[in-house]
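Student: Input: one structure, supplied below.
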Amino acid sequence: IEHTYLKELSDLLKQNFHTISYREFLQNPALHAPKIQAIFMWAPSSAAEPSLLRSLPSLKVIANGGVGVDHLDLPFIASLGVKVTNTPGVVSNATADIGMGLLLASARKITNNLSSNLMGFEVTGSTLGIIGMGHIGYKIAQRGKGFEMKILYYNRSRSDEDERAVGATYCENMDDLLRRSDFVMLAVNLTPETTGLIGQRELSLMKPTATLVNVSRGLVVDQDALVKALQSGTIHAAALDVTHPEPLPRDHPLLGLPNVLITPHVGTDTYQTTRRMVEVVVENAQAALNGLPIPNEVKSQ
């Protein structure tokens, strides 16, 4: 099914564009560079390096699959007159699902085959603290409500509408959320402000029975501080869909800890979400190339 599915997605692109892979491009850059008008990007790639982008005189758009664009130098790209697009909303359900899946698997030791002690923590009635209440954070709150969790959230802006819809309580400061939560879920974009957002001080505020769940970006957490907090019992466990780097080196201490659950950044990896991402990437690129309003343009701050 996977092979057929990937061909189907590739065909979706080929119906609308003449496509070449990055590998094909590198075999003969001089031949391909003048013709390239759009770059389709699914993950951080050297295709976004300034030296390469400067060599593409016809480039009009970088269409990114996914929400995060922290791997792109937006001001530089804008200075070239190139648009950047992403796929917000499309990824929210799948990412919220992986967040709740990690939370449940960690709390109930679903993947722990090493220990004879499979006593876990009750999710129902526990307190879920969500840091970042965007599309994804809101979907996580919806799921938490279904598990009868008490929901706290910390965000740059407060939303009365969201609070009413999912019964969430706004925390004026993040420290308060960290102290009160049984599960802390990170769902922020990676920005200079959120890089290293959770470090030694923040981890020390969490309950010793608390679990940290990260579905945002690895760099939001100081991993060295996280390793120490997990080793020393400062927090109970961590469940991560993102790390830095990805994948982690095989000898990284996080991989050897029994109270850590790691998935390899698979938050958006479902058949339905991946297909919709490709469709939206195509819509964004076509709009940019035809001078039409772009549905999901990311502006440089």
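The values are calculated or read from the model by the stated rules, or taken from the named source; none is laboratory data. Since the model is a prediction, treat every value here as computed from it, not as a measurement. Note that each Cβ is placed from the backbone with ideal geometry, even for glycine, and that neighbours are counted across all protein chains shown. What goes into the accessible areas is simple: the full protein's heavy atoms, side chains included, and nothing from ligands, DNA or RNA. Shrake-Rupley method; radii C 1.70, N 1.55, O 1.52, S 1.80 Å.
Student: Assess whether I39 counts as being out of contact with any Gly (no Cβ under 9 Å at 6 or more places or on another chain) and crowded, with 17+ Cβ neighbours inside 10 Å. Give the derivation first.
Tutor: Values: out of contact with any Gly (no Cβ under 9 Å at 6 or more places or on another chain): yes; crowded, with 17+ Cβ neighbours inside 10 Å: yes.
Yes.
Student: Has the range 112-120 got any residue that is outside the structural domain of L289 (by the TED database) and closer than 15 Å to G144 by Cβ? Talk me through it step by step, then tell me what you get.
Tutor: So the first thing to find is which residues in the range 112-120 are outside the structural domain of L289 (by the TED database), and the list is 112-120.
In the following step, the residues that additionally are closer than 15 Å to G144 by Cβ were identified as none.
Checked against the condition, which is being outside the structural domain of L289 (by the TED database) and closer than 15 Å to G144 by Cβ, the range 112-120 yields no hits at all.
Student: Here is a further query. I130 passes all but one of (1) within 23 Å of T263 (Cβ to Cβ); (2) open to solvent by 30 Å² or more (accessible area, probe 1.4 Å); (3) not in a helix (DSSP H, G or I); which number fails?
Tutor: So I130 meets the others, but not (2).
Student: Output the qualifying pairs, or none if there are none: Cβ atoms under 8 angstrom, residues six or more apart or on different chains, first residue in the range 268-289 and within 17 Å of D241 (Cβ to Cβ), second residue assigned to a helix (DSSP H, G or I) and of a type in the set (G, A, S).
Tutor: So the pair list comes out as T268/A94; D269/A94; T270/A94; T273/A94.
Student: Pick out the one residue from V82, V91 that is open to solvent by less than 20 Å² (accessible area, probe 1.4 Å) and over 22 Å from the mean Cα position of the chain (by Cα).
Tutor: Just one listed residue meets the conditions, V82.
Student: Run down L261, L212, L190, L248 and say which single residue is in a strand (DSSP E or B), open to solvent by 10 Å² or more (accessible area, probe 1.4 Å) and either within 24 Å of A96 (Cβ to Cβ) or in contact with a strand residue (DSSP E or B) (Cβ under 8 Å, 6 or more places away or on another chain) (or both).
Tutor: Working: L212 fails: open to solvent by 10 Å² or more (accessible area, probe 1.4 Å); L190 fails: in a strand (DSSP E or B); L248 fails: in a strand (DSSP E or B).
After ruling out the rest, the residue left standing is L261.
Student: Something else about it: How many residues, within the range 10-21, are open to solvent by 80 Å² or more (accessible area, probe 1.4 Å) and under 28 Å from the mean Cα position of the chain (by Cα)? Break it down into steps so the answer makes sense when it comes.
Tutor: Filtering the range 10-21 down to residues open to solvent by 80 Å² or more (accessible area, probe 1.4 Å) leaves 14-15, 18.
Filter again for under 28 Å from the mean Cα position of the chain (by Cα), leaving 14.
Total meeting the criteria: 1.
Student: A further question on this structure: Considering only residues that are crowded, with 17+ Cβ neighbours inside 10 Å, within 16 Å of the chain's Cα centre (by Cα) and among the hydrophobic types (A, V, I, L, M, F, W, C), which ones fall in the range 264-291?
Tutor: Result: M277, single match.
Student: Further, regarding this structure: Just to check your reading of the model, which residue among T95, T87, T124 is in a loop (DSSP other than H, G, I, E, B), under 18 Å from D241 (Cβ atoms) and β-branched (V, I, T)?
Tutor: Working: T95 fails: in a loop (DSSP other than H, G, I, E, B); T124 fails: under 18 Å from D241 (Cβ atoms).
On inspection, the qualifying residue turns out to be T87.
Student: Looking for something assigned to a helix (DSSP H, G or I) and open to solvent by less than 50 Å² (accessible area, probe 1.4 Å) - is there at least one such residue anywhere in the range 54-67?
Tutor: Of the range 54-67, the ones assigned to a helix (DSSP H, G or I) are 54.
Retained after the next criterion (residues that are open to solvent by less than 50 Å² (accessible area, probe 1.4 Å)): none.
Within the range 54-67, not a single residue is assigned to a helix (DSSP H, G or I) and open to solvent by less than 50 Å² (accessible area, probe 1.4 Å).
Student: Limited to the range 168-187, what total is found for residues that are in contact with a helix residue (DSSP H, G or I) (Cβ under 7 Å, 6 or more places away or on another chain), assigned to a loop (DSSP other than H, G, I, E, B) and either in contact (Cβ under 8 Å) with a residue 60 or more places away in the chain or open to solvent by 20 Å² or more (accessible area, probe 1.4 Å) (or both)?
Tutor: Result for the range 168-187: 1.
Student: Same structure, new question: Kindly provide the set of residues from the range 227-245 that are open to solvent by less than 30 Å² (accessible area, probe 1.4 Å) and within 18 Å of V188 (Cα to Cα), ordered by number.
Tutor: Of the range 227-245, the ones open to solvent by less than 30 Å² (accessible area, probe 1.4 Å) are 227, 229-230, 235, 237-243.
A238, A239, L240, D241, V242, T243, listed by residue number.
Student: Okay, next question. Yes or no: P50 under 25 Å from the mean Cα position of the chain (by Cα), closer than 19 Å to E297 by Cβ and either surrounded by fewer than 13 Cβ atoms within 10 Å (Cβ to Cβ) or at pLDDT 90 or above (or both)? Even if it seems obvious, please write down each step before you answer.
Tutor: Details: under 25 Å from the mean Cα position of the chain (by Cα): yes; closer than 19 Å to E297 by Cβ: no; either surrounded by fewer than 13 Cβ atoms within 10 Å (Cβ to Cβ) or at pLDDT 90 or above (or both): yes.
It is false that P50 is under 25 Å from the mean Cα position of the chain (by Cα), closer than 19 Å to E297 by Cβ and either surrounded by fewer than 13 Cβ atoms within 10 Å (Cβ to Cβ) or at pLDDT 90 or above (or both).
Student: Can you pull out the residues in the range 150-167 that are outside any helix (DSSP H, G or I) and under 23 Å from the mean Cα position of the chain (by Cα)?
Tutor: Hits for the range 150-167 are I151, L152, Y153, Y154, N155, R156, S157, R158, S159.
Student: For T268, indicate whether it is under 12 Å from V91 (Cβ atoms) and assigned to a helix (DSSP H, G or I).
Tutor: Details: under 12 Å from V91 (Cβ atoms): yes; assigned to a helix (DSSP H, G or I): no.
The answer is no for T268.
Student: Right, something else. So V220 passes all but one of these: (1) touching a residue at least 40 places away in the same chain (Cβ under 8 Å); (2) of a type outside the set (S, T, N, Q); (3) closer than 26 Å to F183 by Cα; (4) open to solvent by less than 70 Å² (accessible area, probe 1.4 Å). Which condition number does it fail?
Tutor: (1)
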